[in-house]
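Worksheet: one structure, shown below.
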2 protein chains.
Amino acid sequence: MDRESHEVRWLTDREMLVWRSYIVSTLMLRQRLHRELVDGQQVSLIDYEVLVCLSDAEGDAMRMSDLATMLGSTKSRLSHQIGRMEAAGFVRRVRHPGDRRGVTAELTDKGAELLRRSAPTHVDSVREHFVDLLTDQEQEIMGRAFTRVLAHLSEAGE
Amino acid sequence: MDRESHEVRWLTDREMLVWRSYIVSTLMLRQRLHRELVDGQQVSLIDYEVLVCLSDAEGDAMRMSDLATMLGSTKSRLSHQIGRMEAAGFVRRVRHPGDRRGVTAELTDKGAELLRRSAPTHVDSVREHFVDLLTDQEQEIMGRAFTRVLAHLSEAGE
């Protein structure tokens with residue numbers, strides 16, 4: 001899109017409502033989820049999210065670049081975070097010389113145990129502050145909408 | 001809610017779909033909005049969000065504690081960020097000795113100018129990667145749902 005040569009299309013009232021309520025509630029929600037994980041399990045939300053991603057991946061391992069994309073992080077920020085998590089024993093980094101995958105991050109047994117222990121706290125928080133506040137119809141529609149946004153961003157990022 | 005004495009209600013497939021697509025697309029979206037602001041206007045997304053909040057507030061000023069709540073930040077993290085922005089001339093901190101409002105952050109003329117200059121870039125990004133991907137019906141329903149989540153979190157935070 002040529003962004004220089006067009007008029008700005010400011011958001012309408014309806015668009016502004018959905019955008020602002022989405023952004024502000026999401027920021028507050030993440031802060032709340034973070035605090036409940038820290039208080040209950042001494043793990044930060046962003047570390048918890050790394051554990052979930054690795055645990056869902058084949059072989060409990062992901063390329064650092066794929067992990068950065070999925071977490072909306074940058075390579076350098078993620079590298080710093082994974083360094084901390086590796087020092088604590090929750091993940092390990094493995095280099096793959098000779099193939100092009102570069103460095104992968106792998107879940108350790110200690111990381112898997114932390115995830116198992118923390119998941120109930122996180123699910124309770126997710127229900128209380130988000131999922132259980134939505135009707136079935138809202139869940140259907142929002143699931144479809146965010147899946148579309150995700151596909152767009154995955155394509156746009158390549 | 002007594003969280004110790006109940007069975008964990010894991011998410012159903014539909015709940016998991018909405019939750020995961022929402023979380024992952026939001027992380028990717030924020031990273032994308034951030035990059036387009038940095039590339040186009042040399043301002044970070046979190047600094048831009050501070051400018052928007054102040055600009056919307058009465059007198060272009062907010063208590064630091066209210067600003068932290070709205071941005072899903074903590075007092076110490078926000079204080080660090082506002083310190084940087086103050087040094088760059090975009091905001092100023094004002095102490096109110098004798099009343100209980102504590103410290104407020106105020107938008108400066110330079111900050112207002114940065115916001116004016118950056119807003120078209122940000123609106124284009126928000127349209128391209130989110131708002132224009134949603135139907136009118138989805139916007140209605142999501143606006144209602146996130147407004148409810150926001151009200152819940154605002155109450156729960158007190």
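Per-structure values
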item	result
Burial order of peptide ranges B:126-133, A:19-26 (average beta-carbon count within 10 Å, highest first)	A:19-26, B:126-133
Inter-site label distance for A:A156 and A:E86 at 7 Å from Cα along Cβ, in nm	3.2 nm
Reachable aspartates and glutamates, given that their alpha-carbon falls under 14 Å from the alpha-carbon of B:K110 and they are not under 8 places away in the same chain	B:D47, B:D60, B:E86
Long-range HN-HN contacts of B:V91 with modeled amide H, under 5 Å	B:E86, B:T108
Loop trypsin sites (Lys or Arg not before Pro), region B:84-118 (other Cβ atoms within 10 Å of the site Cβ: 11 or fewer; DSSP)	B:R100
Largest-first principal axis extents of the Cα set of chain B (Å)	49, 41, 25
3J(HN,Hα) from dihedral phi, region B:15-22, Karplus parametrisation 6.51/-1.76/1.60, rounded to Hz, x for glycine, proline	5, 5, 4, 5, 5, 5, 5, 5
³J(HN,Hα) computed for each position of region B:110-121 - Karplus, 6.51 cos²θ - 1.76 cosθ + 1.60, integer Hz, glycine/proline x	5, x, 4, 5, 4, 5, 4, 5, 8, 4, x, 4
Chain B - percent relative contact order, Cα under 8 Å, separation 6 or more	20 percent
Residue mean of other protein chain beta carbons inside 10 Å, B:64-75	3
Pairwise label distance in nanometres, B:Q137 with B:E113, each label 7 Å out on the Cα-Cβ vector	4.9 nm
Mean-position separation - Cα centroids, region B:127-158 and region B:36-83, in angstrom	20 Å
Relative contact order computed over region A:50-119 (Cα-Cα under 8 Å; 6+ residues apart), in percent	36 percent
Pairs of alpha carbons in region B:67-149 whose separation is greater than 16 Å (percent)	69 percent
Carbon and sulfur %, accessible surface of region B:51-93 computed with the full protein complex present, 1.4 Å	48 percent
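The values are calculated or read from the model by the stated rules, or taken from the named source; none is laboratory data. Bear in mind that the values here come from a model prediction, so they are computed numbers and not experimental data. Because the Cβ atoms are built from the backbone with ideal geometry, glycine has one as well, and the counts that use them run over all protein chains shown. Heavy atoms of the whole protein, side chains included, go into the accessibility calculation; ligands, DNA and RNA do not. Shrake-Rupley method; radii C 1.70, N 1.55, O 1.52, S 1.80 Å.
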